[in-house]
Amino acid sequence: MDERKEQSEPIQGNIVPREDSTNFKIKKETPIPSIYTYDLSLLSQWIIVPFLLNTSQDHVIQLPIQYKDDYLLLMKTVGIHFDTIKVIYIDDKVEEVILEGLKQESKKEFQTVLFTKEKIHPVVRDFYIKSNHITPKENPFHAILNVKQFELDLTEFVNGRELSTDQDTSLWNFLQRNILEKYGEINLAPEGWELEDELLYSETLRYFCTFADKFSYPDAEKRNSK
């Protein structure tokens with residue numbers, strides 16, 4: 001059974017221009033915790049794991065913020081582990097948080113807990129580990145992409161699956177409140193995924209399809225050229 005149908009028109013992302021404001025500023029924040037904690041919620045792992053897999057010192061993550069309590073939670077559970085935190089304010093309201101440079105002691109501890117002790121969440125493993133299996137050496141030529149947009153049949157993912165009481169909703173809650181409410185959609189960009197039957201067993205898709213009303217997947221057909 002084919003769980004997808006090609007859309008006649010590609011989905012266009014909602015582009016919301018930043019309003020002009022005379023009260024725009026960027027501040028560096030330095031949270032100083034009384035005690036270091038290593039939060040293992042799905043949200044924290046989703047943010048931190050890319051810094052464990054990416055050895056580049058230039059790696060950063062930008063997180064839009066709509067609610068003060070989400071900002072405070074982010075700073076308390078995740079921000080304490082970063083060397084540099086830049087906060088964008090518009091009209092004295094937090095608009096975005098930029099995290100740079102995972103602290104070395106935090107990196108070592110998270111690597112031990114998540115990878116050595118195997119505490120990594122299945123959704124994070126599915127999304128990021130699978131995404132990082134392609135290296136530049138495996139793609140010696142420039143890839144020309146012919147992208148088609150498919151809408152997935154959610155019943156194939158959620159049939160017989162209900163939201164359990166112990167389901168970690170921290171990631172969805174954050175994305176829904178701070179991205180979906182503002183832009184009308186959430187865009188994820190895993191690399192190395194192919195539109196195959198294997199996706200039916202994707203923990204990432206199963207997680208988001210538990211909450212989403214509609215789910216689209218862009219399939220890129222590659223044509224190599226020298």
By the mean-Cβ-within-10 Å protection proxy, highest first, 94-102, 196-204 rank as 94-102, 196-204
DSSP-assigned coil residues among chymotrypsin sites (Phe, Trp or Tyr not before Pro) in segment 23-69, each with at most 12 further Cβ atoms within 10 Å:
Tyr36
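Holding the Cα-Cα limit at 26 Å, pick out from Lys28/Lys107; Lys27/Lys108; Lys182/Lys214; Lys76/Lys108; Lys28/Lys68 the pairs that are longer than that.
Details: Lys28/Lys107 21 Å; Lys27/Lys108 28 Å; Lys182/Lys214 17 Å; Lys76/Lys108 19 Å; Lys28/Lys68 17 Å.
Distance filter (> 26 Å) returns Lys27/Lys108.
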If you project the alpha carbons of segment 74-132 onto the principal axes, what extent comes out on each, in Å, largest first?
43, 24, 19
Put a dot 7 Å past each Cα toward the Cβ at Ile35 and Lys86; how far apart are the dots in nm?
3.4 nm
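Bear in mind these aren't lab numbers, they're just calculated from the coordinates by the rules spelled out. Owing to the predicted nature of the structure, the values given are computational and were not obtained by experimental measurement. Backbone-built Cβ (ideal geometry, glycine too); neighbour counts: all protein chains shown.
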